[in-house]
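Colleague: Below: one structure in structure tokens.
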Amino acid sequence: MSEAGANPTSAATSGAEPGHVAVVGGGIAGLSAAHFLAAAGARVTLYEGSDRLGGLGTFFAWRDIHLERFYHCLLPSDRHLLPLLRDLGLDQDLYWKETGFGFLRGGRLYGLNTPAELLRFDVLPLLDRVRVGLTGLWGSRCSAAGLDDVTCEEWLTRLSGRRAFGSFWKPMMQAKFGQRYHEVPALWFWTRFNREKGGKQERKGYIRGGYKRITDRLAASLAEHGCSVRLSAPIEQVDLDQRGRPVVRVQGGPPESFERVVLTPPPQPLRRMLAGGRLAAALERADPGVDMQGVVNAVLMMRRSLTRYYWAAAIDEDIPFQGIVESTNLLDRSDTGGVHLFYLMNYVHRTDPEYSRDDADVLRDYLAGLRRLFPDLRDEDVVDRFVFRTPFVEPLYTRGYSRRKLPHALVPGRVYLSTSTQVYPDVTSWNGATGLSRAVVDTLLGECAR
């Protein structure tokens, strides 16, 4: 490593402007980082490897509308994303509805949104139902202090009891994290629970025209600020030159130099981008080595509804997916082309054979599982169907992760990170990514001013 790369703290000169900043990745983390940088006066070039912006919020065309490949919603507690939408002039296009959570077990559908519904939840003995309810109440009121150092399994077992953990909490944890569920810190659960409910009536929001509206408006804002957005620009390598300045090389293209760079890809592709260069050792020293769970997602358009809930957990062993999101219990039908829109998700590691199964096989099995849950479902009820998958969705956190996660500045003054694994303890979401990018850009600007 050159001296400039080995002692990078002097890279940002006192009182310097941001200058020309590269942003790698066109998901919400990259788009929001570019937006904040442009507003601060930086010249920005954003690189996206695919042919469209949005990351996990990318869409597909269906009839005369655009739908998300993976389900999304807003929450009233989204303290980072909602201000960004106001900045973009989109807040008037939001709408909100009360939603609910369902639980499918043994062919029966239970609601779990009120104390009365919980008392009728005969999957658990009465005492366990009471303890699960008290767990939720305590989770909405207790401090988060110390929860990063205890697992969900330990914490929830202590509060709800071993039997309730095994038959209620554990299947939902396994649905999200597979066999790594027992390593996840209780802080993950606490943050997620308080974002979703916090002891109050569940309420969610959406934006008219879908998340494509947000992506398009961010792209337009970047263009208004004179930023360059380069699509279909997969990155071959990011490195430091002999002067310690970031260099970005697109596959098949020449190296391009910048004052600073913000990197947003997940750690696995990020390691490939930095391999063999001066930045590889810096990432190796900082990287906690967290792995990520992927998802296989079937999207169904149907002529009928199935439940009154936005999300229903499906944890029976013979069901090939782990949850049903009936988006039209939130979305206006004008945003779905008049059909009922469903997402059937299966969180699975990218190395698992289930991840790479043929789309036709996935759809056949998912629809068969849906018929087991809803025997009156007919073939003609399904208007259309699609399968989408992505390898990096949910970090597989372990105890004490807050102390180990990647720093905002990999090389202070030069190279910054805004990846999904840094959002913790916030929930991995557009809100969490926006908040992280705001903090990373603030760090970058602060180092420029010193």
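The values are calculated or read from the model by the stated rules, or taken from the named source; none is laboratory data. Computed from a predicted model, the values in this text were never measured in an experiment. Here the Cβ positions follow ideal geometry from the backbone for every residue, glycine too, while neighbour counts run over all protein chains shown.
Colleague: With the condition kept exactly as written, say whether any residue in the stretch 296-308 is farther than 26 Å from residue 270 by Cα, crowded, with 20+ Cβ neighbours inside 10 Å and either assigned by TED's automatic domain parsing to the domain that holds residue 406 or among the acidic types (Asp, Glu) (or both).
Modeller: Taking every residue of the stretch 296-308 in turn, none turns out to be farther than 26 Å from residue 270 by Cα, crowded, with 20+ Cβ neighbours inside 10 Å and either assigned by TED's automatic domain parsing to the domain that holds residue 406 or among the acidic types (Asp, Glu) (or both).
Colleague: While we're looking at this one, here's another question. Of the numbered conditions (1) touching a Pro at 6+ places or on another chain (Cβ under 9 Å); (2) assigned to a loop (DSSP other than H, G, I, E, B), residue 82 satisfies every one except a single condition; which is it?
Modeller: (2)
Colleague: May I pose another question? Considering every residue within the stretch 64-78, establish whether at least one is among the basic types (Lys, Arg) and modelled with pLDDT of 95 or more.
Modeller: Scanning the stretch 64-78, I find at least one residue that is among the basic types (Lys, Arg) and modelled with pLDDT of 95 or more, so the answer is yes.
Colleague: Quick check on this structure: which one of 343, 355 is closer than 29 Å to residue 75 by Cα, at pLDDT 95 or above and aromatic (Phe, Trp, Tyr)?
Modeller: 343
Colleague: Is the stretch 396-412 home to any residue that is more than 30 Å from residue 244 (Cα to Cα) and more than 26 Å from the chain's Cα centre (by Cα)?
Modeller: Scanning the stretch 396-412, I find no residue that is more than 30 Å from residue 244 (Cα to Cα) and more than 26 Å from the chain's Cα centre (by Cα), so the answer is no.
Colleague: Quick check: is even one residue across the stretch 369-387 aromatic (Phe, Trp, Tyr), surrounded by fewer than 22 Cβ atoms within 10 Å (Cβ to Cβ), under 20 Å from the mean Cα position of the chain (by Cα) and not assigned by TED's automatic domain parsing to the domain that holds residue 267?
Modeller: no
Colleague: Let me ask something additional. Count, please, the residues in the stretch 35-84 that happen to be of a type in the set (Lys, Arg) and surrounded by 17 or more Cβ atoms within 10 Å (Cβ to Cβ).
Modeller: So the answer is 2.
Colleague: Being under 24 Å from residue 364 (Cβ atoms) and crowded, with 17+ Cβ neighbours inside 10 Å is true for just one of 328, 351. Which residue is that?
Modeller: Details: 351 fails: crowded, with 17+ Cβ neighbours inside 10 Å.
Answer to the selection: 328.
Colleague: Taking the condition of being in contact (Cβ under 8 Å) with a residue 40 or more places away in the chain and more than 17 Å from the chain's Cα centre (by Cα), how many residues in the stretch 43-66 meet it?
Modeller: 16
Colleague: For the stretch 260-349, which strands (runs of 3 or more DSSP E) that fit wholly inside it have 2 or more residues that are aromatic (Phe, Trp, Tyr) and closer than 30 Å to residue 30 by Cα?
Modeller: Details: elements: 260-263, 292-302, 311-314, 323-326, 340-348.
Qualifying strands (runs of 3 or more DSSP E): 340-348.
Colleague: Let me ask something else. Any residue at all in the stretch 248-262 that is crowded, with 20+ Cβ neighbours inside 10 Å, under 21 Å from the mean Cα position of the chain (by Cα) and more than 28 Å from residue 274 (Cα to Cα)?
Modeller: No, the stretch 248-262 has no match at all.
Colleague: Still on this structure, please answer the following. Go through the residues of the stretch 101-121 one by one and say whether even a single one is farther than 23 Å from residue 156 by Cα, free of Cβ contacts under 8 Å to residues at least 60 places away in the same chain and either touching a strand residue (DSSP E or B) at 6+ places or on another chain (Cβ under 7 Å) or not in a loop (DSSP other than H, G, I, E, B) (or both).
Modeller: Yes, the stretch 101-121 contains a residue that is farther than 23 Å from residue 156 by Cα, free of Cβ contacts under 8 Å to residues at least 60 places away in the same chain and either touching a strand residue (DSSP E or B) at 6+ places or on another chain (Cβ under 7 Å) or not in a loop (DSSP other than H, G, I, E, B) (or both).
Residue-wise test of (1) crowded, with 19+ Cβ neighbours inside 10 Å; (2) within 21 Å of the chain's Cα centre (by Cα); (3) closer than 24 Å to residue 99 by Cβ.
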residue	(1), (2), (3)
128	yes, no, no
141	no, no, yes
146	no, no, no
176	yes, yes, yes
179	no, yes, no
189	yes, yes, yes
195	no, yes, yes
207	yes, yes, yes
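Colleague: Determine whether the stretch 206-223 contains at least one residue that is in a loop (DSSP other than H, G, I, E, B) and charged (D, E, K, R).
Modeller: For the stretch 206-223, residues in a loop (DSSP other than H, G, I, E, B) and charged (D, E, K, R): present.
Colleague: What number of residues within the stretch 270-299 satisfy the criterion of being touching a residue at least 60 places away in the same chain (Cβ under 8 Å) and closer than 24 Å to residue 349 by Cβ?
Modeller: 16
Colleague: Right, something else. In a strand (DSSP E or B), closer than 30 Å to residue 289 by Cα and polar (S, T, N, Q) - does that describe any residue in the stretch 381-392?
Modeller: yes
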